[in-house]
Amino acid sequence: MYKSKFESIGAYTPEKIVTNEELLTGKDASILLALDTAGIKKRRWRAQSEDSVKIAITAAGNCLKNSSYKASDLEVVIYSSITRFHGGLKHHLEPAISLLAKNRLGAHSAINLDITNACAGMLTGAYILDNMIRSGSVRNGMVISGECITPISETALKEIKDRHDDQLASLTVGDAGAAFILDRSDDENECIEFINFTTIAAFAKHCIGVPSNRNPGPAMYTKTKELYIESFKRLPVFLKTVLEKNNKSQMDDYDFNIYHQTSPKVIELFRQHLKYYFNWEPRGVIVNVDEYGNTASTSHFVALHNAIKEKKIPRGSRVLFYSAASGLVLGLLSAKIGSLGVRDGAN
Amino acid sequence: MARIKSTSIVTDCSIKSCIDLAVRAADQCMEKAGIDRNEINMLISIGNYKDDNMAEPAQAALIQHRLGMNLDIMNNTNGGSTFSFDIMNGACGFLYAVRVVEDFMKNGTITNALIISSDVHPSKEYSPAFPYSKIGAAVLLSHSEANNYGFREIIFKTSSDGNHGLRSYADLIALGNEGRKEVTIQIDDDYHGRLNDFSVVAARDYLQSRSIPVSEIKTIISSQPVSGFSVKLSKALGIDGSQTVDLYDEFGDPHSSALILGYHIAGERGYLRDNDAILFIGAGAGLTAACGLYLV
């Protein structure tokens with residue numbers, strides 16, 4: 001059986017930066033305090049002309065600049081965002097956005113697939129594409145996501161009462177696009193070692209993204225505390241099971257750990273929780289949510305992209321990605337990173 | 001090889017929610033197959049038109065929740081685990097889902113996958129402008145080592161001219177406070193004719209490039225966007241039309257459920273005999289056509 005590897009990565013974040021103070025002008029001071037305490041300082045904000053499709057395609061173009069492949073070489077294109085805005089705040093349903101992207105990029109021979117799996121979207125895309133490459137049915141493919149998600153912040157600003165409101169998490173998000181190419185690996189030192197996912201559907205209703213019924217635009221309603229508590233309880237259990245199943249893996253082996261970027265405070269609490277649970281100090285915990293906000297399905301890959309751009313992740317590093325997303329989706333991806341480079345000039 | 005173990009359809013008009021439709025269809029499908037729900041490793045929802053225009057979580061997670069399927073990993077005595085997500089490829093969603101499931105099965109990652117389809121108007125009420133029928137369908141795919149039945153290679157053909165034929169969206173600004181209650185579907189006048197021609201070319205290429213004689217195809221099971229779509233496809237391809245399952249006049253356009261419904265009805269009519277070769281043809285917005293041979 002073949003293995004896959006990360007061949008290239010690209011990202012795109014809009015230029016405009018919005019700080020907590022700018023976002024929350026005139027709002028209850030407890031909300032600002034809650035965001036400050038969580039460690040979120042700012043987020044990127046879409047320009048008037050930007051939507052999910054544009055953001056995704058820009059990131060995909062940047063990924064191709066960092067790749068040895070041309071668009072016409074791609075055998076699969078998977079669109080994996082939560083948000084599907086196209087042409088303003090039109091929640092686009094048909095045709096598939098992956099078709100729009102494939103045509104725009106010139107990936108004319110690619111199988112185009114639209115998936116949706118909350119903030120686990122891109123990692124779910126990796127899981128699907130990795131299985132396609134391992135079976136030998138394709139040699140390469142690209143996973144893309146464009147999260148135009150600050151519209152939920154705009155709705156929350158109109159509707160939120162205080163820091164206990166179930167739209168508080170909607171103020172922690174930022175817009176971003178990300179894309180990566182996986183291809184067949186012939187090198188054991190540069191490959192995806194394993195990916196495992198499970199859906200803990202007992203908590204499927206803890207985070208719902210749906211249009212608001214009080215104002216125009218999308219909204220997200222989250223039982224934030226419960227979601228953290230329940231995922232904190234289960235992720236180490238899942239991790240232990242998965243590591244045992246993939247018996248060569250020890251937690252100490254990981255040079256970098258990339259969690260879903262919800263907030264610096266939650267990431268730190270989770271790091272401590274893992275340390276307590278496994279009696280192990282996680283190394284290389286990457287945090288960029290303070291600067292970019294929670295960029296939903298793109299968060300792991302915006303973080304990876306920026307770390308690679310800053311040359312923080314040397315060749316041969318082992319990286320463990322942790323997914324904890326609405327659903328409740330838990331996932332783990334273990335990879336040895338090779339010669340990923342970033343030349344795209346993305347912010 | 002992924003083999004169809006059982007199918008089910010739900011056409012009960014009193015059911016309003018697409019989740020309710022999906023749950024009923026899934027329950028019936030698993031009961032028919034005699035499988036314990038905790039043995040399902042992967043659950044894929046392929047409906048595009050969801051209750052309230054919901055974007056998060058995956059509809060499949062909400063369906064898994066209602067089915068009580070491997071709900072938690074804590075205190076889970078059966079050791080099972082289900083992974084749920086949605087595929088949003090419209091009328092061709094079923095064949096995209098099978099394409100995904102096949103590779104997971106080939107790699108030994110999963111054994112049983114449940115694919116569920118249901119499309120409803122976001123208001124969950126009847127709307128004359130909504131072209132799709134309220135149908136829930138489910139299919140259980142199980143891995144089989146035998147190579148003489150199950151799905152053969154599935155191919156996809158899409159057009160690159162930007163003439164999508166059908167576009168749909170919920171304009172959340174224009175809809176004001178009613179964003180959960182409406183969807184716009186624009187269909188070009190020549191859409192169905194173009195789609196039929198496009199699907200014929202895709203199916204003909206599929207058969208010719210794989211040296212599959214038309215005479216070996218017992219029947220086709222296709223999308224049903226308009227009356228007579230399947231009959232026209234059969235004729236153009238030169239396939240014996242005596243067993244063509246053309247269901248629009250009875251069911252309307254079942255959209256993402258069409259291929260599962262077609263297979264289910266073909267079975268009820270006695271058209272599916274061992275070793276028969278069935279050609280699935282999905283056809284929808286894009287334009288998009290998907291073809292896959294299935295050996296019963």
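Values quoted throughout were computed directly from the atomic coordinates according to the rules given, and no laboratory measurement underlies them. These numbers come from a predicted model, not from an experiment. Glycine also receives a Cβ, built like all others from the backbone with ideal geometry; neighbour counts cover every protein chain displayed.
Can you tell me which of A:252-259, B:134-141 comes out highest on packing, and rank the rest after it, using the mean Cβ neighbours within 10 Å?
Highest-to-lowest ranking by the protection proxy: B:134-141, A:252-259.
Counting other beta carbons within 10 Å of each Cβ, put B:TYR169, B:TYR96 in order, fewest first. Each step should come with its number before you reach the end.
Values: B:TYR169 21, B:TYR96 28.
With the fewest neighbours first, B:TYR169, B:TYR96 line up as B:TYR169, B:TYR96.
Using a Förster distance of 35 Å, how high is the FRET efficiency between A:SER68 and B:ASP249, based on the Cβ-Cβ distance and rounded to 0.05?
0.10
How many times 2.2 N^0.38 Å is the alpha carbon radius of gyration of segment A:61-212? Intermediate values should be presented prior to the final figure.
Working: Rg = 17.5 Å, N = 152, 2.2 N^0.38 = 14.8 Å.
Normalised by 2.2 N^0.38 Å, the Cα Rg of segment A:61-212 equals 1.18.
At 7 Å along Cα-to-Cβ for each site, give me the label-to-label distance between A:SER339 and A:VAL237 in nm.
About 4.5 nm, to one decimal.
Over the alpha-carbon set of the protein assembly as shown, work out the extent along each principal axis and list the three values in angstrom, largest first.
Projected onto its principal axes, the Cα set of the protein assembly as shown covers 70, 54, 49 Å.
Averaged over all directions, how much area does the convex hull of the C-alpha atoms of segment B:99-157 cover when projected, in nm²?
Projected over every direction and averaged, the Cα hull of segment B:99-157 covers 6.1 nm².
Would you please report the Å³ per residue occupied by the convex hull of the alpha carbon atoms in segment A:255-347? Mind showing how you got there, number by number?
Working: hull volume 9.1 nm³, N = 93.
So the per-residue hull volume is 97 Å³.
Give the average, rounded to an integer, of partner chain Cβ atoms located within 10 angstrom of each Cβ in A:106-115.
Taking the mean over all residues of the peptide, I get 5.
Considering the convex hull of the alpha carbon atoms of chain A, report its projected area averaged over all viewing directions, in nm², one decimal.
Numbers: hull surface 63.9 nm².
Hull-based average projected area comes out at 16.0 nm².
Please give the FRET efficiency for B:ALA236 paired with A:ASP186, using the beta carbon to beta carbon distance and R0 = 41 Å, rounded to the nearest 0.05.
E(calc), rounded to 0.05, equals 0.35.
Which of B:MET105, A:MET142 comes first, and how do the rest follow, when ranked by fewest Cβ neighbours within 10 Å?
B:MET105, A:MET142
In chain A, which whole DSSP H runs stretch at least 24 Å along their own axis (Cα) and average -1.0 or higher on the Kyte-Doolittle scale?
A:224-245
Could you tell me which of B:TYR271, B:ILE281, B:SER257 has its Cα farthest along the dipole of segment B:243-290 towards the positive end, charges placed at Cβ (Lys, Arg +1; Asp, Glu -1), taken about the Cα centre?
B:ILE281
Label segment B:1-86 by shape, choosing from rounded, prolate and oblate, from the square roots a ≥ b ≥ c of the eigenvalues of the Cα gyration tensor; if a/c is under 1.5 it is rounded, and otherwise prolate applies when a/b is larger than b/c, oblate when it is not.
Numbers: a/c = 1.77, a/b = 1.24, b/c = 1.43.
Judged from the Cα gyration tensor, segment B:1-86 comes out oblate (a/c at least 1.5, b/c at or above a/b).
Can you pull the one-decimal nm distance between simple spin-label points at A:ARG315 and A:LYS205, each 7 Å off the Cα toward Cβ?
That separation, rounded to one decimal, is 5.3 nm.
How many percent of Cα pairs in segment B:2-147 exceed 27 Å?
Across segment B:2-147, Cα pairs with separations above 27 Å total 18 percent.
Other chains near B:59-69: what is the mean number of their Cβ atoms within 10 Å of each residue's Cβ?
Taking all residues of B:59-69 together, the mean is 5.
Run the Debye formula on the Cα coordinates of segment A:191-336, all scatterers equal and no solvent, and tell me log10 I(q)/I(0) at q = 0.13, 0.17 1/Å.
-0.60, -1.00
Return, for the Cα atoms of segment A:3-80, the radius of gyration and Dmax in Å, separated by a comma.
Reported Rg and Dmax, both Å: 17.9, 53.
So how many Å³ per residue does the convex hull of the Cα atoms of segment B:213-287 work out to?
Convex hull of Cα atoms, per residue: 91 Å³.
I'd like the antiparallel share, as a percent to the nearest 5, of DSSP beta bridges with both residues in chain A.
Approximately 75 percent, going by the DSSP bridge assignments.
Among the lysines, which have Cα under 24 Å from the Cα of A:LYS102 when same-chain residues fewer than 8 positions away are ignored?
A:LYS5, A:LYS54, A:LYS65, A:LYS70, A:LYS90, B:LYS157
By how many nm would the segment from A:PHE278 to A:ASP162 grow when fully extended, if each residue of separation counts as 0.36 nm and the alpha-carbon distance is taken off? Could you put the intermediate results ahead of the total?
Values: separation 116, 0.36 × 116 = 41.76 nm, distance 3.67 nm.
Separation in residues times 0.36 nm, less the Cα-Cα distance, equals 38.1 nm.
What is the spin-label model distance, in nm, from B:SER227 to B:VAL201 if the labels are put 7 Å beyond Cα along the C-beta direction?
It works out to 2.8 nm between the two label points.
So which lysines pass the test for A:LYS27, namely a Cα distance under 26 Å, with those fewer than 8 places away in the same chain ruled out?
Within the straight-line cut-off, A:LYS27 pairs with A:LYS16, A:LYS41, A:LYS42, A:LYS158, A:LYS161, A:LYS223, A:LYS225, A:LYS265.
Mind telling me which of A:GLN167, A:GLN261, A:GLN272 comes out most flexible in a GNM of chain A, alpha-carbon contacts under 10 Å?
The residue that fluctuates most here is A:GLN272.
What is the gain in length, in nm to one decimal, between A:GLN250 and A:GLU21 on full extension, counting 0.36 nm per residue of separation less the C-alpha to C-alpha distance?
My answer for the length gained is 78.2 nm.
Give the longest segment of chain B that steers clear of GluC sites (Glu not before Pro) in DSSP loops with at most 15 neighbouring Cβ atoms within 10 Å, not counting the sites themselves.
Answer from the scan: B:146-296.
Once the mean 1/r over all distinct Cα pairs of chain B is inverted, what Kirkwood radius in angstroms do you read off?
Numbers: mean 1/r = 0.0517 Å⁻¹.
By the Kirkwood definition, the hydrodynamic radius is 19.4 Å.
Does a label point 7 Å from the Cα of B:VAL214, set along Cα-to-beta-carbon, have any residues of segment B:250-293 with amide nitrogen under 19 Å, and which are they?
Output list for this probe position: B:277-282, B:290-293.
Which of the lysines could a cross-linker span from A:LYS240 if the Cα-Cα distance has to be under 20 Å and same-chain partners fewer than 8 positions apart are dropped?
A:LYS248, A:LYS275, A:LYS336
Provide the three semi-axes, in whole Å and in decreasing order, of the ellipsoid equivalent to segment B:149-235 as defined by the square roots of 5 times the Cα gyration tensor eigenvalues. All intermediate terms of the calculation are to be shown ahead of the outcome.
Numbers: eigenvalues 233, 40, 36 Å².
For segment B:149-235, the semi-axes come out at 34, 14, 13 Å.
Using 0.36 nm per residue of separation minus the Cα-Cα distance, give me the extension gain between B:LYS16 and B:ARG273 in nm, one decimal.
89.0 nm
With 10 angstrom as the radius, rank B:HIS192, A:HIS164 by how many other C-beta atoms surround their C-beta, starting from the fewest.
Fewest to most other Cβ atoms nearby, the residues stand as A:HIS164, B:HIS192.
Taking a quarter of the surface of the Cα convex hull of segment B:152-295, what do you get in nm²? Intermediate results must be reported in sequence, preceding the final value.
On the way: hull surface 39.4 nm².
Taking the Cα atoms of segment B:152-295, their convex hull projects to 9.9 nm² on average.
Taking the Cα centre of segment B:79-198 as origin, work out the dipole magnitude from +1 charges on Lys and Arg Cβ and -1 charges on Asp and Glu Cβ, in debye rounded to 20.
Using only the charged Cβ atoms, the result is roughly 300 debye.
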